[in-house]
1. Just one of the numbered conditions (1) of a type outside the set (D, E, K, R); (2) open to solvent by 20 Å² or more (accessible area, probe 1.4 Å); (3) in contact with a His (Cβ under 6 Å, 6 or more places away or on another chain) is not true of PHE50; which one?
2. Report yes if some residue within the range 17-29 is out of contact with any Ser or Thr (no Cβ under 7 Å at 6 or more places or on another chain), modelled with pLDDT under 90 and farther than 17 Å from ILE109 by Cα; otherwise report no.
3. Given the criteria at pLDDT below 85, open to solvent by 50 Å² or more (accessible area, probe 1.4 Å) and within 30 Å of VAL130 (Cα to Cα), does THR61 qualify?
4. Restricting to the range 115-125, and then to whatever is among the aliphatic types (A, V, I, L, M) and farther than 17 Å from ARG221 by Cβ, can you tell me which residue is most open to solvent (accessible area, probe 1.4 Å)?
5. Of all residues being under 16 Å from GLY228 (Cβ atoms) and in contact (Cβ under 8 Å) with a residue 60 or more places away in the chain in the range 90-114, which is surrounded by the most Cβ atoms within 10 Å (Cβ to Cβ)? Just the residue, please.
Amino acid sequence: MNEQLLSTLYTASTWVIPALLAITLHEAAHAFVASRRGDPTAARLGRVTFNPLKHVDPFGTILLPGILLLTHAPFLFGYAKPVPVNFRMLKNPRRDMVLVAAAGPGINIVLALAAGLLAHALPLLPPQAVPWVVENLRNMIVLNVILAVFNMLPLPPLDGGRVAVGLLPDFLAVPLARLEPYGMFIIIGLLFILPLIGSQIGTNLNVLNWLLSDAFDAVIRFVLKVTGNT
């Protein structure tokens, strides 16, 4: 087994646990809050659980991130099985929609903070295990912050879009909600197509990087400061 393959496998091993937890527990949080607020849909499907395996999507959680990692793509992207939510069954549909949507990014921030706190236990580990654990914790922080910040973009069907629809006055919320059928196409365009076009014409068209990089850096600094890692 050559050194490059060993290096790739080692790198992959430091991403598997952070990616699995970040992506699947994001959906688990949606299911848990929806169930607590009156919608039994996710519970009937066995999705109100923090067992990551219940939320794994074979392509989105395993195959897609694996391909991006093995091909040394400049970004890592993945998703779990979306949790079905019937907002009309919530106790207070408009308010509870905000709570359900915010739960996903919220658990990602909790996971990032947990990783930061676990870093203080590194001296208790055997020295030979420390580098691998450090990489896992670092990736746990970075990946969870990326998911939290990205998902809070105010564009349905992202969580931030649903939070915005729940909080904005009707004259703004209604047209924003009408974007939901087209939201994923807009996201794909911003995430993949515009940067590809930009690379062909020699112009930086990575709009998401412009929009999110400062927020990402700010949240990373917050996590490190709160957990005493600055």
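1. Failing condition for PHE50: (3).
2. no
3. In short, no.
4. Filtering the range 115-125 down to residues among the aliphatic types (A, V, I, L, M) leaves 115, 117-119, 121-122, 124-125.
From what's left, farther than 17 Å from ARG221 by Cβ: 118, 121-122, 124-125.
Values: LEU118: 104, ALA121: 38, LEU122: 33, LEU124: 151, LEU125: 64 Å².
It comes out as LEU124.
5. Among them, the one singled out is ALA112.
To keep it simple, each residue is scored yes or no on (1) among the small types (Gly, Ala, Ser); (2) out of contact with any Phe, Trp or Tyr (no Cβ under 7 Å at 6 or more places or on another chain); (3) not in a helix (DSSP H, G or I).
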residue: GLN4; (1), (2), (3): no, yes, no
residue: TYR10; (1), (2), (3): no, yes, no
residue: SER13; (1), (2), (3): yes, yes, no
residue: LEU20; (1), (2), (3): no, yes, no
residue: VAL33; (1), (2), (3): no, yes, no
residue: ALA42; (1), (2), (3): yes, yes, no
residue: ARG47; (1), (2), (3): no, yes, yes
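The values are calculated or read from the model by the stated rules, or taken from the named source; none is laboratory data. What you are looking at is a predicted structure, and each value in this text was computed from that prediction instead of being measured. Here the Cβ is made from the backbone with ideal geometry for all residues, glycine too, and neighbour counts use every protein chain on show. Side chains are part of the model used for accessible areas, which takes the heavy atoms of the whole protein and leaves out ligands, DNA and RNA. Shrake-Rupley method; radii C 1.70, N 1.55, O 1.52, S 1.80 Å.
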